[in-house]
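Visitor: Dropping the structure in here first, questions after.
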Amino acid sequence: MKGHPLAQTEGGLVCSIRRFTQEHLFKFTERFRHPGYFNFIAIGDGNPLEVCDLINRYFFFPPDCLRSERTHPPIPPTPRITSIFHRDVQEAYICSGAVTCGPSDPSAIALQLFSFMISGGMSFPFFEEIREKRGYCYSVSAYLVEYTDLGYFVVTMETSPATYKDALALA
């Protein structure tokens, strides 16, 4: 990829690497090294108790860092943006999403359940209503993406250009 306009050096520019000091490393470690930010996955036939012992021995966290002081930002208002791209095709793809809470919020469980209700398959009520009874969509699905602080909830539908407004109104 050398010479490509988007190519960049993996480790950063030489001048920025030279400016990175041990003090920078210590400040980064102090700010971000927290037990809640680590996941350990052990694969193989090792003894699970020995693996835990090794993790506890080599990834020691002092008692004063056991609580995360990280705060979650408020959910920003979801902007009302509608983008329509016209193409000479026989299908319209609709994607509607909203910013949601993070995974630690109790509402996240309700959103996950709601996404299962929407995209659970042909026997689920929403799919039956929007496809089988009204004939608006070829497919309907939903998913929840969760990050540490926030997430987003998305509903997608595939429909015909003639019925997309009706399908969107029902959703």
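The values are calculated or read from the model by the stated rules, or taken from the named source; none is laboratory data. Note that the coordinates shown come from a computational prediction; the quantities given were computed from them, not determined experimentally. Using ideal geometry, Cβ is built from the backbone for each residue, glycine included, and neighbour counts are taken over all protein chains shown. Only protein heavy atoms, including side chains, enter the accessible area calculation; ligands, DNA and RNA are left aside. Shrake-Rupley method; radii C 1.70, N 1.55, O 1.52, S 1.80 Å.
Visitor: Using a simple charge model, +1 on the beta-carbon of Lys and Arg, -1 on the beta-carbon of Asp and Glu, nothing else, what dipole does the range 99-171 show about its Cα centre, in debye to the nearest 20?
Guide: 260
Visitor: In Å², and per residue, what accessible area does the range 119-171 have when probed at 1.4 Å with the other protein chains present?
Guide: Result: 57 Å² of accessible area for each residue.
Visitor: Tell me the carbon and sulfur percent of the accessible area for the range 102-171, rounded to whole percent, probe radius 1.4 Å.
Guide: Summing carbon and sulfur atoms, their accessible area is 61 percent of the total for the range 102-171.
Visitor: Could you estimate the translational diffusion coefficient of the range 108-167 from the Stokes-Einstein equation, with Rh from the Kirkwood formula over C-alpha pairs, at 37 °C and 0.692 mPa s, in whole µm²/s?
Guide: The estimated diffusion coefficient comes to 269 µm²/s.
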